[in-house]
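K.L.:
Provided herewith is a single structure, encoded as C-alpha coordinates, for subsequent inquiry.
The values are calculated or read from the model by the stated rules, or taken from the named source; none is laboratory data. Just so we're clear, the structure is a prediction, and the values are computed from it rather than from any experiment. Glycine gets a Cβ as well: all are built from the backbone with ideal geometry, and neighbour counts include every protein chain shown.
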Amino acid sequence: MTYYLFFVVTSILALAGNYKFKNIVVTILIIALALFAGTRTEIAPDFKMYKNFFRFSEDSYKDFVDNNVTLEPIIYIIPNFLKLFFGSKTDIINGSFLCFAFLGVATKLIALKKYANNFFLGFIIYFTYLYLMMEMITIRAGIAGGVFLLSLPYLYKGMYKKSLLMICLAMIFHTSSVIFFAIFIVIRLNVKIKYYYYSLILSFILIATKVNLLTLLLLDKVFPKVKAYLDLMEKTKEEDVNIFSFRILIALFMTVFLGFYYNKLKKIEGFEVLFRIHIISLFLFFSFSVTASVFSIRTFELLSVAQLLLFPMLTYVFAPKFKYIAWVILIIFSFAQIYYMIDISEFYEQYKSWLF
(Lines give C-alpha, C1' and ligand atoms only; values in the text may rest on other atoms or scores of the structure.)
Protein backbone atom coordinates (compact mmCIF):
# COMPACT_ATOMS: atom_id res chain seq x y z
CA MET A 1 0.00 0.00 0.00
CA THR A 2 2.91 2.35 0.77
CA TYR A 3 4.17 2.18 -2.82
CA TYR A 4 0.76 3.03 -4.26
CA LEU A 5 0.21 5.90 -1.82
CA PHE A 6 3.63 7.36 -2.57
CA PHE A 7 2.96 7.05 -6.29
CA VAL A 8 -0.39 8.84 -6.07
CA VAL A 9 0.96 11.69 -3.92
CA THR A 10 4.04 12.30 -6.08
CA SER A 11 1.97 12.02 -9.27
CA ILE A 12 -0.42 14.72 -8.04
CA LEU A 13 2.60 16.89 -7.32
CA ALA A 14 3.99 16.17 -10.81
CA LEU A 15 0.63 17.07 -12.33
CA ALA A 16 0.74 20.42 -10.55
CA GLY A 17 4.29 20.95 -11.80
CA ASN A 18 3.08 20.37 -15.32
CA TYR A 19 1.47 23.81 -15.20
CA LYS A 20 3.10 25.89 -12.44
CA PHE A 21 6.25 26.09 -10.33
CA LYS A 22 7.95 23.29 -12.27
CA ASN A 23 11.43 23.96 -10.88
CA ILE A 24 10.18 23.85 -7.29
CA VAL A 25 8.10 20.74 -7.93
CA VAL A 26 10.98 18.91 -9.60
CA THR A 27 13.28 19.76 -6.69
CA ILE A 28 10.75 18.42 -4.18
CA LEU A 29 10.23 15.27 -6.24
CA ILE A 30 13.97 14.62 -6.54
CA ILE A 31 14.35 14.88 -2.76
CA ALA A 32 11.26 12.77 -2.03
CA LEU A 33 12.05 9.99 -4.52
CA ALA A 34 15.73 9.90 -3.54
CA LEU A 35 14.86 9.58 0.15
CA PHE A 36 12.25 6.89 -0.52
CA ALA A 37 14.65 4.77 -2.59
CA GLY A 38 17.89 5.71 -0.87
CA THR A 39 16.80 4.97 2.71
CA ARG A 40 15.08 1.66 2.00
CA THR A 41 16.23 -1.41 3.85
CA GLU A 42 16.32 -4.97 2.55
CA ILE A 43 13.01 -4.96 0.66
CA ALA A 44 14.17 -5.77 -2.88
CA PRO A 45 16.77 -7.88 -4.72
CA ASP A 46 20.45 -6.81 -4.90
CA PHE A 47 20.32 -4.90 -1.59
CA LYS A 48 22.66 -7.31 0.21
CA MET A 49 25.07 -7.34 -2.71
CA TYR A 50 25.42 -3.55 -2.76
CA LYS A 51 25.55 -3.40 1.02
CA ASN A 52 28.60 -5.67 0.92
CA PHE A 53 30.16 -3.61 -1.89
CA PHE A 54 29.87 -0.47 0.23
CA ARG A 55 30.88 -2.15 3.49
CA PHE A 56 34.03 -3.78 2.19
CA SER A 57 35.16 -1.12 -0.30
CA GLU A 58 38.97 -1.01 -0.36
CA ASP A 59 40.86 2.14 0.65
CA SER A 60 43.29 1.78 -2.26
CA TYR A 61 41.96 2.07 -5.80
CA LYS A 62 44.62 -0.38 -6.98
CA ASP A 63 43.38 -2.97 -4.48
CA PHE A 64 39.81 -2.27 -5.57
CA VAL A 65 40.65 -2.90 -9.23
CA ASP A 66 42.67 -6.03 -8.44
CA ASN A 67 39.91 -7.54 -6.29
CA ASN A 68 36.88 -6.38 -8.27
CA VAL A 69 37.62 -6.75 -11.97
CA THR A 70 33.97 -6.50 -13.05
CA LEU A 71 32.97 -3.54 -10.85
CA GLU A 72 32.79 0.05 -12.06
CA PRO A 73 34.79 2.95 -10.50
CA ILE A 74 31.68 4.47 -8.91
CA ILE A 75 31.51 1.57 -6.43
CA TYR A 76 34.90 2.75 -5.16
CA ILE A 77 34.40 6.50 -5.51
CA ILE A 78 31.20 7.06 -3.51
CA PRO A 79 31.96 4.96 -0.38
CA ASN A 80 35.51 6.32 -0.15
CA PHE A 81 34.29 9.89 -0.58
CA LEU A 82 31.87 9.35 2.30
CA LYS A 83 34.72 8.00 4.45
CA LEU A 84 36.03 11.57 4.55
CA PHE A 85 32.95 12.58 6.55
CA PHE A 86 31.79 9.42 8.34
CA GLY A 87 33.63 6.86 10.44
CA SER A 88 30.76 4.45 10.90
CA LYS A 89 30.33 1.62 8.39
CA THR A 90 26.56 1.97 8.76
CA ASP A 91 26.67 5.67 7.86
CA ILE A 92 28.87 4.96 4.84
CA ILE A 93 26.52 2.22 3.61
CA ASN A 94 23.40 4.34 4.13
CA GLY A 95 25.06 7.36 2.55
CA SER A 96 26.15 5.34 -0.48
CA PHE A 97 22.62 4.07 -1.14
CA LEU A 98 21.32 7.62 -0.77
CA CYS A 99 23.91 9.02 -3.20
CA PHE A 100 23.08 6.40 -5.82
CA ALA A 101 19.36 7.09 -5.45
CA PHE A 102 19.86 10.84 -5.70
CA LEU A 103 21.96 10.59 -8.86
CA GLY A 104 19.56 8.12 -10.49
CA VAL A 105 16.46 10.18 -9.71
CA ALA A 106 18.00 13.59 -10.41
CA THR A 107 19.36 12.72 -13.85
CA LYS A 108 16.01 11.40 -15.03
CA LEU A 109 13.76 14.07 -13.54
CA ILE A 110 16.02 16.86 -14.80
CA ALA A 111 15.86 15.29 -18.27
CA LEU A 112 12.06 15.11 -18.03
CA LYS A 113 11.83 18.72 -16.89
CA LYS A 114 14.03 19.98 -19.72
CA TYR A 115 13.02 17.77 -22.63
CA ALA A 116 9.68 15.96 -22.11
CA ASN A 117 6.71 17.50 -23.91
CA ASN A 118 4.58 16.53 -20.88
CA PHE A 119 6.32 16.27 -17.51
CA PHE A 120 3.43 14.54 -15.73
CA LEU A 121 3.08 11.75 -18.29
CA GLY A 122 6.83 11.22 -18.36
CA PHE A 123 6.88 11.08 -14.56
CA ILE A 124 4.18 8.41 -14.17
CA ILE A 125 5.83 6.27 -16.86
CA TYR A 126 9.14 6.64 -14.99
CA PHE A 127 7.82 5.95 -11.50
CA THR A 128 5.80 2.86 -12.32
CA TYR A 129 8.67 0.94 -13.89
CA LEU A 130 12.14 2.44 -14.16
CA TYR A 131 12.09 4.13 -10.75
CA LEU A 132 11.00 0.93 -9.03
CA MET A 133 13.48 -1.14 -11.04
CA MET A 134 16.51 1.10 -11.41
CA GLU A 135 16.48 3.21 -8.25
CA MET A 136 15.31 0.35 -6.00
CA ILE A 137 17.22 -2.61 -7.49
CA THR A 138 19.72 -2.06 -10.36
CA ILE A 139 21.11 1.17 -8.94
CA ARG A 140 24.28 1.38 -11.05
CA ALA A 141 22.26 0.96 -14.24
CA GLY A 142 19.89 3.58 -12.83
CA ILE A 143 22.51 6.31 -12.93
CA ALA A 144 23.93 5.14 -16.26
CA GLY A 145 20.44 5.21 -17.76
CA GLY A 146 19.83 8.70 -16.40
CA VAL A 147 23.07 10.01 -17.91
CA PHE A 148 22.16 8.40 -21.24
CA LEU A 149 18.73 10.03 -21.11
CA LEU A 150 20.40 13.42 -20.64
CA SER A 151 22.64 12.68 -23.64
CA LEU A 152 19.80 11.98 -26.08
CA PRO A 153 18.86 15.60 -26.86
CA TYR A 154 22.50 16.21 -27.81
CA LEU A 155 22.26 13.25 -30.18
CA TYR A 156 19.12 14.37 -31.99
CA LYS A 157 20.24 18.01 -32.03
CA GLY A 158 23.47 17.00 -33.78
CA MET A 159 25.74 17.87 -30.83
CA TYR A 160 27.67 14.63 -31.18
CA LYS A 161 30.75 15.46 -29.11
CA LYS A 162 28.61 16.28 -26.08
CA SER A 163 26.58 13.13 -26.65
CA LEU A 164 29.72 10.98 -26.70
CA LEU A 165 31.07 12.73 -23.61
CA MET A 166 27.88 11.86 -21.72
CA ILE A 167 28.07 8.26 -22.88
CA CYS A 168 31.67 8.05 -21.64
CA LEU A 169 30.47 9.41 -18.30
CA ALA A 170 27.81 6.69 -18.13
CA MET A 171 30.59 4.06 -18.39
CA ILE A 172 31.81 5.10 -14.93
CA PHE A 173 28.52 3.90 -13.49
CA HIS A 174 27.83 0.69 -15.43
CA THR A 175 29.89 -1.36 -17.88
CA SER A 176 26.82 -2.22 -19.94
CA SER A 177 26.77 1.44 -21.00
CA VAL A 178 29.03 0.26 -23.83
CA ILE A 179 25.77 -0.47 -25.65
CA PHE A 180 25.21 3.29 -25.84
CA PHE A 181 28.20 3.61 -28.19
CA ALA A 182 26.58 1.07 -30.51
CA ILE A 183 23.33 3.04 -30.35
CA PHE A 184 25.22 6.23 -31.20
CA ILE A 185 26.81 4.62 -34.27
CA VAL A 186 23.56 3.08 -35.53
CA ILE A 187 21.66 6.36 -35.16
CA ARG A 188 24.44 8.26 -36.94
CA LEU A 189 24.21 5.85 -39.91
CA ASN A 190 20.73 7.29 -40.53
CA VAL A 191 19.33 4.02 -41.87
CA LYS A 192 15.78 4.17 -43.24
CA ILE A 193 13.08 3.32 -40.73
CA LYS A 194 11.88 0.31 -42.75
CA TYR A 195 15.10 -1.50 -41.93
CA TYR A 196 14.39 -1.06 -38.23
CA TYR A 197 11.06 -2.78 -38.79
CA TYR A 198 12.82 -5.55 -40.71
CA SER A 199 15.26 -6.01 -37.82
CA LEU A 200 12.35 -6.46 -35.42
CA ILE A 201 10.88 -9.14 -37.68
CA LEU A 202 14.32 -10.77 -37.87
CA SER A 203 14.49 -10.91 -34.08
CA PHE A 204 11.30 -13.00 -34.02
CA ILE A 205 12.88 -15.38 -36.53
CA LEU A 206 15.94 -15.69 -34.27
CA ILE A 207 13.65 -16.64 -31.40
CA ALA A 208 11.84 -19.27 -33.45
CA THR A 209 15.08 -20.80 -34.75
CA LYS A 210 17.00 -20.33 -31.46
CA VAL A 211 19.97 -18.91 -33.34
CA ASN A 212 22.82 -17.68 -31.15
CA LEU A 213 23.47 -14.15 -32.42
CA LEU A 214 26.87 -14.01 -30.71
CA THR A 215 28.08 -17.05 -32.61
CA LEU A 216 26.38 -16.06 -35.85
CA LEU A 217 28.20 -12.71 -35.95
CA LEU A 218 31.41 -14.24 -34.53
CA LEU A 219 31.25 -11.79 -31.65
CA ASP A 220 32.35 -14.49 -29.23
CA LYS A 221 35.59 -14.81 -31.23
CA VAL A 222 36.22 -11.12 -31.85
CA PHE A 223 35.22 -10.00 -28.36
CA PRO A 224 35.96 -12.88 -25.96
CA LYS A 225 35.56 -10.57 -22.95
CA VAL A 226 32.03 -9.77 -24.06
CA LYS A 227 31.24 -13.47 -24.23
CA ALA A 228 32.75 -14.00 -20.77
CA TYR A 229 30.64 -11.15 -19.40
CA LEU A 230 27.46 -12.60 -20.91
CA ASP A 231 28.31 -16.06 -19.58
CA LEU A 232 28.79 -14.59 -16.11
CA MET A 233 25.41 -12.85 -16.27
CA GLU A 234 23.71 -16.05 -17.41
CA LYS A 235 24.94 -17.81 -14.26
CA THR A 236 22.88 -15.36 -12.19
CA LYS A 237 19.57 -15.97 -13.95
CA GLU A 238 16.85 -17.70 -11.96
CA GLU A 239 14.34 -18.54 -14.69
CA ASP A 240 13.76 -18.25 -18.42
CA VAL A 241 12.79 -14.85 -19.77
CA ASN A 242 9.14 -14.22 -20.59
CA ILE A 243 9.37 -12.75 -24.07
CA PHE A 244 5.80 -11.49 -23.92
CA SER A 245 5.72 -10.05 -20.43
CA PHE A 246 3.42 -7.14 -19.67
CA ARG A 247 6.25 -4.64 -20.15
CA ILE A 248 7.14 -6.05 -23.56
CA LEU A 249 3.50 -6.05 -24.67
CA ILE A 250 3.24 -2.35 -23.79
CA ALA A 251 6.45 -1.65 -25.71
CA LEU A 252 5.17 -3.55 -28.74
CA PHE A 253 1.81 -1.78 -28.62
CA MET A 254 3.53 1.61 -28.57
CA THR A 255 5.80 0.53 -31.43
CA VAL A 256 2.81 -0.34 -33.61
CA PHE A 257 0.79 2.71 -32.58
CA LEU A 258 3.59 5.26 -32.98
CA GLY A 259 4.81 3.51 -36.13
CA PHE A 260 1.36 3.87 -37.69
CA TYR A 261 1.63 7.65 -37.22
CA TYR A 262 5.35 7.77 -38.04
CA ASN A 263 5.04 10.20 -40.96
CA LYS A 264 3.15 12.63 -38.76
CA LEU A 265 5.36 12.28 -35.70
CA LYS A 266 8.76 12.34 -37.44
CA LYS A 267 8.42 16.11 -37.81
CA ILE A 268 8.65 16.47 -34.02
CA GLU A 269 12.16 17.12 -32.76
CA GLY A 270 13.66 14.04 -31.19
CA PHE A 271 10.94 11.59 -32.18
CA GLU A 272 12.93 9.75 -34.85
CA VAL A 273 15.93 9.13 -32.58
CA LEU A 274 13.80 8.10 -29.60
CA PHE A 275 11.58 5.83 -31.70
CA ARG A 276 14.58 4.13 -33.30
CA ILE A 277 16.21 3.52 -29.92
CA HIS A 278 12.92 2.03 -28.75
CA ILE A 279 12.88 -0.40 -31.69
CA ILE A 280 16.54 -1.28 -31.13
CA SER A 281 15.77 -2.10 -27.49
CA LEU A 282 13.10 -4.57 -28.61
CA PHE A 283 15.36 -6.03 -31.30
CA LEU A 284 18.12 -6.69 -28.77
CA PHE A 285 15.65 -8.06 -26.25
CA PHE A 286 14.15 -10.60 -28.63
CA SER A 287 17.42 -11.45 -30.39
CA PHE A 288 19.22 -12.40 -27.16
CA SER A 289 16.23 -13.67 -25.18
CA VAL A 290 17.01 -17.32 -25.94
CA THR A 291 20.81 -17.39 -25.81
CA ALA A 292 21.65 -14.50 -23.43
CA SER A 293 18.45 -13.82 -21.54
CA VAL A 294 19.90 -11.76 -18.68
CA PHE A 295 21.70 -9.51 -21.16
CA SER A 296 18.49 -9.12 -23.19
CA ILE A 297 16.51 -8.01 -20.13
CA ARG A 298 19.15 -5.63 -18.81
CA THR A 299 19.73 -4.05 -22.22
CA PHE A 300 16.01 -3.53 -22.71
CA GLU A 301 15.72 -1.92 -19.26
CA LEU A 302 18.71 0.32 -19.89
CA LEU A 303 17.45 1.55 -23.26
CA SER A 304 13.90 1.92 -21.91
CA VAL A 305 14.86 5.33 -20.52
CA ALA A 306 14.10 6.63 -24.03
CA GLN A 307 10.45 5.78 -23.37
CA LEU A 308 10.27 8.56 -20.79
CA LEU A 309 10.57 11.12 -23.58
CA LEU A 310 9.02 9.02 -26.36
CA PHE A 311 5.73 7.82 -24.88
CA PRO A 312 4.42 11.29 -23.90
CA MET A 313 4.70 12.18 -27.60
CA LEU A 314 1.58 10.07 -28.01
CA THR A 315 -0.31 13.31 -27.29
CA TYR A 316 0.82 14.64 -30.69
CA VAL A 317 -1.14 11.90 -32.45
CA PHE A 318 -4.51 13.33 -31.44
CA ALA A 319 -6.23 16.62 -32.22
CA PRO A 320 -6.19 19.06 -29.26
CA LYS A 321 -9.73 18.21 -28.15
CA PHE A 322 -8.88 14.49 -28.15
CA LYS A 323 -5.50 14.66 -26.39
CA TYR A 324 -7.17 13.25 -23.29
CA ILE A 325 -7.18 9.87 -25.08
CA ALA A 326 -3.37 9.80 -24.95
CA TRP A 327 -3.53 10.73 -21.26
CA VAL A 328 -5.99 7.94 -20.54
CA ILE A 329 -3.89 5.36 -22.41
CA LEU A 330 -0.67 6.29 -20.59
CA ILE A 331 -2.35 6.54 -17.18
CA ILE A 332 -3.90 3.09 -17.63
CA PHE A 333 -0.52 1.70 -18.70
CA SER A 334 1.12 3.29 -15.66
CA PHE A 335 -1.35 1.88 -13.14
CA ALA A 336 -1.08 -1.52 -14.80
CA GLN A 337 2.72 -1.29 -14.63
CA ILE A 338 2.88 -0.47 -10.93
CA TYR A 339 0.39 -3.23 -10.16
CA TYR A 340 2.54 -5.67 -12.11
CA MET A 341 5.74 -4.52 -10.40
CA ILE A 342 4.39 -4.51 -6.83
CA ASP A 343 1.81 -7.29 -6.74
CA ILE A 344 2.79 -9.72 -9.50
CA SER A 345 6.57 -9.59 -9.98
CA GLU A 346 7.26 -10.41 -6.29
CA PHE A 347 10.36 -8.20 -6.37
CA TYR A 348 9.35 -6.09 -3.41
CA GLU A 349 8.52 -6.71 0.23
CA GLN A 350 6.60 -4.29 2.43
CA TYR A 351 8.39 -0.95 2.38
CA LYS A 352 10.78 -0.23 5.25
CA SER A 353 13.20 2.66 5.75
CA TRP A 354 15.93 3.39 8.27
CA LEU A 355 14.91 7.06 8.17
CA PHE A 356 11.12 6.98 8.50
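K.L.:
For region 166-192, what are the residues that are in contact (Cβ under 8 Å) with a residue 12 or more places away in the chain, more than 28 Å from G259 (Cβ to Cβ) and surrounded by fewer than 19 Cβ atoms within 10 Å (Cβ to Cβ)?
P.N.:
Residues satisfying the conditions are L169, M171, I172, T175.
K.L.:
Next question, about the same structure. Scan G104, G95, G38 and give me the residue that is closer than 30 Å to T315 by Cβ, surrounded by 15 or more Cβ atoms within 10 Å (Cβ to Cβ) and of a type outside the set (S, T, N, Q).
P.N.:
Matching residue, one of G104, G95, G38: G104.
K.L.:
Collect the residues in region 314-343 that are among the β-branched types (V, I, T) and in contact with a Phe, Trp or Tyr (Cβ under 8 Å, 6 or more places away or on another chain), keeping them in residue-number order.
P.N.:
T315, V317, I325, I338, I342
K.L.:
Scan region 137-147 and tell me whether some residue there is surrounded by fewer than 24 Cβ atoms within 10 Å (Cβ to Cβ), in contact with a Gly (Cβ under 7 Å, 6 or more places away or on another chain), within 27 Å of G17 (Cβ to Cβ) and not hydrophobic (A, V, I, L, M, F, W, C).
P.N.:
No.
K.L.:
While we're looking at this one, here's another question. Check region 64-79 and report whether any residue there is among the aromatic types (F, W, Y), outside any helix (DSSP H, G or I) and free of Cβ contacts under 8 Å to residues at least 40 places away in the same chain.
P.N.:
No, the conditions are met nowhere in region 64-79.
K.L.:
Also, quick follow-up: Of the conditions (1) surrounded by fewer than 18 Cβ atoms within 10 Å (Cβ to Cβ); (2) within 16 Å of A144 (Cα to Cα); (3) polar (S, T, N, Q), T90 clears all except one; give me its number.
P.N.:
(2)
K.L.:
From the list Y195, Y131, which one is buried (at least 18 other Cβ atoms within 10 Å of the Cβ) and modelled with pLDDT of 95 or more?
P.N.:
None of the other options fit; the residue is Y131.
K.L.:
Which residue, of Y4, Y19, is without any contact (Cβ under 8 Å) to a residue 12 or more places away in the chain, exposed (fewer than 15 other Cβ atoms within 10 Å of the Cβ), under 30 Å from A116 (Cα atoms) and hydroxyl-bearing (S, T, Y)?
P.N.:
Just one listed residue meets the conditions, Y19.
K.L.:
Looking only at region 83-125, count how many residues are in contact with a Pro (Cβ under 6 Å, 6 or more places away or on another chain) and part of a loop (DSSP other than H, G, I, E, B).
P.N.:
3
K.L.:
Taking helices (runs of 4 or more DSSP H) that do not extend beyond region 209-291, which have at least 2 residues that are at pLDDT 60 or above?
P.N.:
Those helices (runs of 4 or more DSSP H) span 213-216, 246-260, 262-265, 271-288.
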